[in-house]
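Okay, so here's the structure we're looking at.
The values are calculated or read from the model by the stated rules, or taken from the named source; none is laboratory data. Worth saying up front: this structure is predicted, and the values here are computed from it rather than measured. Counting neighbours? That spans all protein chains shown, and the Cβs are built from the backbone with ideal geometry, glycine included. Calculation scope for accessible area: heavy atoms of the full protein, side chains included, ligands and nucleic acids excluded. Shrake-Rupley method; radii C 1.70, N 1.55, O 1.52, S 1.80 Å.
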Amino acid sequence: RTPSGYRKFTGTDLERLRYVLLAQRDQYLPLRVIKENLDALDRGLQPAPVSGGVAVPRPSLATVDGEIAPSAFGESSDMRLSREELLKASGLTEEALVELESFGLITPRGRHYDGDALAVARRLHFKKAADDCFVSPSTLSNAITELENQIGFKIFERTNKKVLVTKLGEELLEKAKQIQFQIEDINKLGETQKIPLSTSLKIGIIPTIGPYLLPLVLPKLKHDYPKLHLRVIEGQSSALVKKVLNGDLDLAVLALPYDLDGLLAFRFWEENFYYVTHKNNKHKISIKAKEINRSELMLLDDGHCLKNHVLAACKINDKQPFSMEASSLTTLVQLVANNMGSTLVPHMSIKHLTSTNPLINTLTLNEPGPHRELAIIVRPTYSNTENVLLLKEIFRSELEKYSKQ
């Protein structure tokens, strides 16, 4: 039954619809494979089986005619069916597809699908949100209107030029996000029964850890866990905390102390800072914070938590102006090499930044430590803590080996 009445399907129609729904729902199968199966149906032939005729659960792979279909981890968007490709492959009319969508037989979604209302809230633009959801703008607009009619208030204020979220809409969307996170965590419960680190994992990492930790741990992860599909995103701590909270990242690697806004922290390393200065500046093997010439001190710019950690370790007022602020440790060290000032860097970066530069002198910062701690942060509801604990041990072990070299 459809919203406009009853529709009669023949046996072939039902088989055709079954394959369309399977291909579109999980978006694993290449368009070529779908077309071949539909052509076989049209010729009265039995199409190739797709994992026994049922949808393939994530993250398994479907095999059609001996060809492995793209997995859920694939990054190539052209291997996933768009709305236009679905219409072309299925032979369904736009009206029929809208009907199927309207009562839930087909739920169009792409790699960035978050639900109709959440997609509109993210984009604040119906055409762009519709593209994300692989539906037409009119379909998306009708779905939002229906939702607003059901709940009894407006989520969005719409004009020809812009889309605004109402006050009640903000509350609804926040609850919708939380529900979505819980559903995603439920869906991931099955992953806990699989081999550790054998699924997809999105990790965020800050710039003052990533360049020095990743070269140590990635080779081991690739060798010992070949089925792990790892996606790494670099960003500042504030952005990564938000992404973990919003579900855009599974976890993140940060330096503490930092306000985690309720996230859990799994600490795996602690370290101290080193004072980096030009070789012409004569010092002993260590330096006290009070001995540092603060007028020549160069630090990272605002937004980098390392700056706050350095200020705390040296007990320096954050209102004090510094001779230079840069966006990377590499830039700061190059400035030091050219005798433009001095800086402080974490222990894990010392070899990478200074070992090949004869113009640089490195001293231990003789202040109580540790000056910062490294941790993996996750949502309290994150289901796969086994992976987190395993990563924590791998990170700790590789850093320990590195520190002994």
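Quick notes
- Exactly one residue out of THR356, THR343 is open to solvent by less than 70 Å² (accessible area, probe 1.4 Å) and polar (S, T, N, Q): that is THR343.
- Long-range neighbours under 7 Å by Cβ, at least six apart or interchain, first residue touching a residue at least 60 places away in the same chain (Cβ under 8 Å) within segment 287-300, second among the β-branched types (Val, Ile, Thr) and assigned to a strand (DSSP E or B): none
- Meets criteria (in contact with a Ser or Thr (Cβ under 9 Å, 6 or more places away or on another chain), closer than 30 Å to THR364 by Cα and open to solvent by 80 Å² or more (accessible area, probe 1.4 Å)) for HIS278: no
- Screening ASP131 against (1) open to solvent by 30 Å² or more (accessible area, probe 1.4 Å); (2) in a loop (DSSP other than H, G, I, E, B); (3) more than 15 Å from GLU170 (Cβ to Cβ) leaves a single unmet condition, (2).
- Of the residues making up segment 159-182, those that are within 15 Å of THR381 (Cα to Cα) and open to solvent by less than 90 Å² (accessible area, probe 1.4 Å) are LYS177, GLN178, GLN180, PHE181.
- Selection status of LYS154, of a type in the set (D, E, K, R), free of Cβ contacts under 8 Å to residues at least 60 places away in the same chain and surrounded by 14 or more Cβ atoms within 10 Å (Cβ to Cβ): yes
- The sole residue among LYS351, LYS392 that is among the charged types (D, E, K, R), over 27 Å from the mean Cα position of the chain (by Cα) and open to solvent by 10 Å² or more (accessible area, probe 1.4 Å) is LYS351.
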